[in-house]
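No lab work stands behind these numbers, since they all come straight from the coordinates. These numbers were taken from a predicted model, which means no experiment stands behind them. All Cβ positions, glycine included, derive from the backbone under ideal geometry; neighbour counts span all protein chains shown.
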Amino acid sequence: MDFTLSPEQAALRDSARDYLAKKVPLSLAREADETETFPNEIYRGLGDLGWQGLPFTEEYGGSGGDAFDEALVVEQLGYAMTPLAACFLVTVLTCGKTIRDVGTEAQKQAWLPAISAGTAYVSYALTEPSAGSDAASVRTTARKTGDGWRINGQKMFCTGADMASVILLIARTGGPGRDGLSIFLVDPETPGITIQRMPKLGLRPYHTCVVFFDDVDLPADALLGTENEAWRYTVASLNRERIACAAMTLGTGQAALDYAVAYAKEREQFGVPIGSFQAIRHRLANAHVRLRQARLLTHRAAWLEANGLSSTRAASMAKVWATETCVDVAGDGMRVLGGYSYTMEHPMQRYLRDALIHPIGAGTNEIQRNIIAKELLG
Ligand SMILES: Cc1cc2nc3c(=O)[nH]c(=O)nc-3n(C[C@H](O)[C@H](O)[C@H](O)COP(=O)(O)OP(=O)(O)OC[C@H]3O[C@@H](n4cnc5c(N)ncnc54)[C@H](O)[C@@H]3O)c2cc1C
């Protein structure tokens, strides 16, 4: 396998890196974190560059890239500002691609051009109070009424719900287990929906919410894809989300390492830069090795996905390694910066707080190890 970037891929990566370095300096990411404000203008600007349109064809405002291109862009977003990358991941790669793959023409026309333009946000509502890792045990119900569906239930950790243009909801339409689930496109303004923010440790500009559905009436055409087929779509979208999650945390981990390296060259103790001490040098060298491994695993998973090959195990491997590497590199960065890492003046604490969710979200790393072990052991 040759992972040399084509001239187009290298240009995409470089233009993403240069654009974000200009538009999302550390001061902006810090302010967004401290004020818990999502940078809508920046997100819309990315739409003008065609990034949100990568998975879509021109007729839906898309720019026609593939999973590998997406991974390159998400890595750069993760480098600049993890919550921006997370929003891109959920709206475009998890939800937008599901609408692309199973939506009716009307649903695609309604949402894909706006997603491509960066003017629509989609929130993903799968997790419930008693359906976490056991995602197929969803209890939220969608009952057929005369002319549509009535939804009742509660969703947890629905990220971006409070700014969503539409919520992609997984609800039970049939019997127990994975065969009784369907997906709906839900207008968050529909009567009977209550959205409450959950204060949290990291990813603070991109709010995570509890969403209550109390006798929420939806039209018949809110159903996305075939009734009772949601599990199949969910497995495919979670797989893609894991590759993107790996790319995002690879970017954040690289940002943490670059910051720690620059600090180690500048900070002097005992009359020399701390980067001359072997204890610091080895910590940084180990982080560099682990990030290189994470990049190889991520690019391999993205390449398999882009080429229509089975990427399940590769996606889980990339997700496990990249997300845990990101947490460890940011933790090492805290040690390299010493006491200053603990102040808000330096971004290391934010890299760490933003990193800590990713071994948990998109299917915990314990579940990823179960997937890998199942392929190994049956
Ligand atoms: C900030 C944040 C954002 C999120 N965003 C969204 C979102 O937008 N949409 C959405 O639907 N969900 C979202 N989630 C939910 C997330 O996907 C779940 O938290 C995750 O799937 C784990 O579920 P749980 O928290 O209920 O943990 P549990 O399933 O209760 O797991 C608890 C522990 O048990 C372990 N465990 C459980 N089952 C097994 C098993 N079979 N084998 C080994 N270990 C096991 C887990 O790995 C974990 O360590 C978000 C969560 C957070 C914190």
Degrees separating the helix 312-337 axis from the principal Cα axis of the chain, which is the longest one: 40
Under 18 Å from the Cα of Lys97 - lysines, other chains or at least 8 residues apart: Lys108
Positive-pole candidate from Thr208, Gly148, Leu218, dipole of region 124-230, charges at beta carbon: Thr208
Whole-number D in µm²/s for region 222-310 (Stokes-Einstein; Kirkwood sum over Cα pairs; 37 °C, 0.692 mPa s): 205
Simple Cβ-charge dipole of region 124-230, Lys/Arg +1 and Asp/Glu -1, about Cα centre, in debye nearest 20: 420
Spread of Cα-to-Cα distances over 10 Å intervals beginning at zero, given as percent, for region 124-230: 16, 50, 28, 5, 0
Residues with amide H under 5 Å from that of Thr159, placed H, sequence gap 5 or more: Tyr124, Cys209
Within the chain, helix-based [θ] at 222 nm, where runs of 4 or more DSSP H residues each add -39,500 (n - 2.57), nearest 500: -16500 deg cm²/dmol
Three-way shape call for region 1-64 based on the alpha-carbon gyration tensor, with the a/c threshold at 1.5: oblate
Taking the C-alpha atoms of the chain, convex hull volume expressed per residue in Å³: 137
Most fluctuating residue given options His358, His299, His346, as computed from a GNM of the chain linking Cα atoms under 10 Å: His346
Cut-off under 5 Å, modelled amide H: who pairs with Val166 long-range: Tyr121, Ser123
Table column - 3J(HN,Hα) (Hz), region 240-246, Karplus curve with 6.51, -1.76, 1.60, x for Gly and Pro: 5, 4, 5, 5, 5, 5, 4
Cα-based shape type of region 40-156, given that a ≥ b ≥ c are square roots of the gyration tensor eigenvalues and the cut on a/c is 1.5: oblate
Three semi-axes of the equivalent ellipsoid, region 231-377, Cα gyration tensor, whole Å, largest first: 33, 14, 12
Estimated dipole of the chain in Debye, rounded to 20 [Cβ of Lys and Arg +1, of Asp and Glu -1, Cα centre]: 1140
Candidates Thr173, Thr323, Thr298: whichever shows maximal mean-square fluctuation once the chain is modelled as a Gaussian network with Cα springs under 10 Å: Thr173
Vicinal HN-Hα couplings computed from phi for region 102-119 (Karplus, 6.51 cos²θ - 1.76 cosθ + 1.60; Hz; Gly/Pro x): 10, x, 6, 4, 5, 5, 5, 5, 5, 10, 5, x, 6, 5, 4, 6, x, 9
